[in-house]
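Asks: One structure, as structure tokens, below. Some questions next.
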């Protein structure tokens, strides 16, 4: 019976979430879109960075690629094809970045991804200024907010299922081994470079699609909007708060932090990034492996203490 | 094909230091060969080159007539070479059973799921560790970690097993168990190349020894004769004892 | 045009070299990958701006304030934020991840403070903006001064590190942190000092940059990125390597922006970075460790 409980709960949650736009007002749907977006981003980030410990700071690079592809192609292609193209562009960039950095020590990957968003932003700006002569584009797509919500929900569900499958499959085992000791991994027959590249590509395509699906919300897009580094930052904080090693970690991190950020940006628009930074530093210091791990460890410690007390009482 | 492993003119340089200098030897199927030499003589470097952990500067390594030098470790594993490490390397975030499953899942047999778990238990049983399968690997004692590492190496179904000081750091009782364990692996027809300092173990297990000093091979032959060799004694103990 | 580009390239390269020296000290000796480094640079640029436009103190004299400011900032950041991370780190890799994450948060804090204080506008001030002619090419005096300052400060640091006992101790930690205590070097103290010294170099770099470039509260990321690329090109912890790589990067950027397109300088920087990563990951002047 307990075996079937998690899938049933999962299915119920997905159905419940699907029905929300039928009751909620437009603010509720907007909030839902933001939350689903970040849940998906954090889960996709954790899918690669959690087990491999390669910290990617390039979330917004892929997010922006998705958004910009939609902005450029929305008038010349049918919508589903635009999404596919966006995913393909994200995949291409991910493969180039992955092939050139994933064989090296993790720190090179971090540095490379750190500047990647800025690089792509400048290249897009250069292209727009020199080739099209305009900076900034309008997106007129007949997609309703509810439509965006449902698309994101589908993507979030797919991401969750992929993460769950990876955790149980050979791929997940390979990633755990790689995270523990790359030398042993190679000597067990694991092709480390290919494994990392595959996962980085999957994670990047999901992130690109989040950007592509959310793009119509903006109506007007320019490089500074699409490649806003805060998005990378938020994704990272959410995944770390929940714990990047667990299936539900990013979800549990994203929901409360998204609400906190909404509140902060409404009440402290000017001090937003300072507070964000401080929250983030606090998380790194206090909960280095996420809330779930923290709770679990303390629960164990607490129970152990209880057990130790027992014989003392008996004596 | 008379030899399983054939090493020709193998050389490794680190910058100006020549750690292994034009070493050649071979190992026949079913043989247990000791690779000896004082500290820093290049034994572990030879092992590292066979397993693909380090690329060779020059020379050739062949397994069953097929060149394996130049391949990545994961490819060499699939050709049939597995190893243990000088400083034992467990996978601390996995359980003992999962440590072995990792090798089964990606090794030559690609086992997964129930089949892999059953096989892992059997492998752990061979090294006397089946009762600890569900424990976390980092909770194991030193000797048990070594056993686990051996089980993991055996799970890769090697034609050639490389042991890097697998017996080092064991107390006499554990040593006797360890020797018995290696002997049982040998009886099943495995070919073993072992780097070792424990002379008793070498005499008990190895029919033949290759001795290195300062990166060169200085002796190669039946164990008793090799250990009595004048140059070998000098390398280990200095001129006065020779 | 060629001479002008060459001279501009040297000015830019001198600045990059100066800035990268600080980062190579922080990463090579303190083992902290500081992603907020660019924000330290920009905060000093704003300090020089405030000193000049509100108090009339010229930037060269402003160094007297900026360098101690950077030193203290670095000292405090290491003492308060980094040393607990160093103390709890199990190995080099976990310290690397922790320091990257913590300084990534710090980046947003410092950037946020600067946005509140100065807004998001482009900032610059006009100091010694008179043309001088060198080898037939015309150059603003402030650029020449920037190059001279970069050479004096960078050269001074190099002498301190190579000629004094104190500098030798720091270099010893860079080469082998495990063996340094055996010869009586306090590694923690050395790490703190190196980090503070890196902060001082970042601050002096910021002052130099403010003399001839416009900057905004959010331009720190680009400087961190370029400094990191220079550090990797030069080999981590290698002062002379950072100097040569910095000059090289400045020259390449200036030639790309003069002869190809100013919008592609960052792309050129990245191409260099990729080439170095693929061809010599230990740096142009570094040796691959065994």
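The values are calculated or read from the model by the stated rules, or taken from the named source; none is laboratory data. Given the structure is predicted, the values throughout are model-derived calculations rather than measurements. Positions of Cβ are generated from backbone atoms using ideal geometry, with glycine treated the same way; all protein chains shown enter the neighbour counts.
Asks: Give me the residue from the range C:145-168 that is surrounded by 17 or more Cβ atoms within 10 Å (Cβ to Cβ) and over 15 Å from the mean Cα position of the chain (by Cα) and, out of that set, farthest from residue C:212 (Cα to Cα).
Replies: By that ranking, first place goes to C:167.
Asks: Specify which of the listed residues (B:154, B:161) is within 14 Å of the chain's Cα centre (by Cα) and not in a helix (DSSP H, G or I).
Replies: Checking each option against the conditions leaves just B:161.
Asks: Considering only the range A:167-188, state which residues are buried (at least 18 other Cβ atoms within 10 Å of the Cβ) and free of Cβ contacts under 8 Å to residues at least 24 places away in the same chain.
Replies: Once the filter is applied, which keeps residues that are buried (at least 18 other Cβ atoms within 10 Å of the Cβ) and free of Cβ contacts under 8 Å to residues at least 24 places away in the same chain, the range A:167-188 yields A:170, A:173, A:174, A:177, A:180, A:184, A:185, A:186, A:187, A:188.
Asks: Which condition breaks for residue C:267 when tested against (1) buried (at least 24 other Cβ atoms within 10 Å of the Cβ); (2) within 13 Å of chain A (Cβ to nearest Cβ)?
Replies: In the conditions (1) buried (at least 24 other Cβ atoms within 10 Å of the Cβ); (2) within 13 Å of chain A (Cβ to nearest Cβ), residue C:267 misses (1) alone.
Asks: Okay, next question. Could you tell me which residue of the range B:20-62 is modelled with the highest pLDDT, considering only residues that are within 14 Å of chain C (Cβ to nearest Cβ) and under 16 Å from residue B:235 (Cβ atoms)?
Replies: Only one residue fits best here, namely B:20.
Asks: Would you confirm whether any residue within the range C:233-240 is within 12 Å of chain A (Cβ to nearest Cβ) and in a loop (DSSP other than H, G, I, E, B)?
Replies: Yes, the range C:233-240 contains a residue that is within 12 Å of chain A (Cβ to nearest Cβ) and in a loop (DSSP other than H, G, I, E, B).
Asks: To continue, here is another question. Which of the residues belonging to the range A:251-274 are at the interface with another protein chain (Cβ under 8 Å from one of its Cβ atoms) and either at pLDDT 90 or above or part of a helix (DSSP H, G or I) (or both)?
Replies: If the condition is that a residue be at the interface with another protein chain (Cβ under 8 Å from one of its Cβ atoms) and either at pLDDT 90 or above or part of a helix (DSSP H, G or I) (or both), then A:272, A:273, A:274 are the ones that fit.
Asks: Only one of C:198, C:235, C:263 is out of contact with any strand residue (DSSP E or B) (no Cβ under 8 Å at 6 or more places or on another chain) and touching a residue at least 60 places away in the same chain (Cβ under 8 Å). Can you tell me which?
Replies: Checking each option against the conditions leaves just C:198.
Asks: Filter the range A:115-140 for residues that are more than 20 Å from residue A:61 (Cβ to Cβ) and facing chain C (nearest Cβ under 9 Å) and give the result.
Replies: A:130
Asks: If the requirement is being in contact with a helix residue (DSSP H, G or I) (Cβ under 9 Å, 6 or more places away or on another chain), more than 9 Å from every other protein chain (Cβ to nearest Cβ), within 19 Å of residue C:216 (Cα to Cα) and surrounded by fewer than 20 Cβ atoms within 10 Å (Cβ to Cβ), which of these qualifies: C:125, C:75?
Replies: C:125
Asks: Going through A:37, A:50, A:64 one at a time, which residue ends up being within 14 Å of another protein chain (Cβ to nearest Cβ), closer than 27 Å to residue A:198 by Cα and within 19 Å of the chain's Cα centre (by Cα)?
Replies: Selected residue: A:50, the only one of A:37, A:50, A:64 that is within 14 Å of another protein chain (Cβ to nearest Cβ), closer than 27 Å to residue A:198 by Cα and within 19 Å of the chain's Cα centre (by Cα).
Asks: Condition (residue is part of a helix (DSSP H, G or I) and touching a strand residue (DSSP E or B) at 6+ places or on another chain (Cβ under 6 Å)) applied to the range C:7-27: is it met by at least one residue?
Replies: Scanning the range C:7-27, I find at least one residue that is part of a helix (DSSP H, G or I) and touching a strand residue (DSSP E or B) at 6+ places or on another chain (Cβ under 6 Å), so the answer is yes.
Asks: In the range C:102-139, what residues are part of a loop (DSSP other than H, G, I, E, B) and within 23 Å of residue A:235 (Cβ to Cβ)?
Replies: C:120
Asks: Which is under 22 Å from residue B:84 (Cα atoms) and surrounded by fewer than 21 Cβ atoms within 10 Å (Cβ to Cβ), of B:224, B:214, B:190?
Replies: B:190
Asks: Oh, and also: Just checking, which of B:81, B:88, B:100 is modelled with pLDDT under 90 and more than 8 Å from every other protein chain (Cβ to nearest Cβ)?
Replies: Every option except B:88 fails the conditions.
Asks: Here are C:45, C:87: which of them is within 14 Å of chain A (Cβ to nearest Cβ) and either buried (at least 24 other Cβ atoms within 10 Å of the Cβ) or farther than 23 Å from residue A:276 by Cα (or both)?
Replies: Exactly one of C:45, C:87 is within 14 Å of chain A (Cβ to nearest Cβ) and either buried (at least 24 other Cβ atoms within 10 Å of the Cβ) or farther than 23 Å from residue A:276 by Cα (or both), namely C:87.
Asks: Count, please, the residues in the range C:192-232 that happen to be away from every other protein chain (no Cβ under 12 Å) and over 26 Å from residue C:115 (Cβ atoms).
Replies: 4
Each row is one residue, and each column tells you yes or no for (1) away from chain B (no Cβ under 14 Å); (2) free of Cβ contacts under 8 Å to residues at least 60 places away in the same chain; (3) more than 30 Å from residue B:160 (Cβ to Cβ).
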position: A:161; (1), (2), (3): yes, yes, yes
position: A:165; (1), (2), (3): no, yes, yes
position: A:190; (1), (2), (3): no, yes, no
position: A:222; (1), (2), (3): yes, no, yes
position: A:229; (1), (2), (3): yes, no, yes
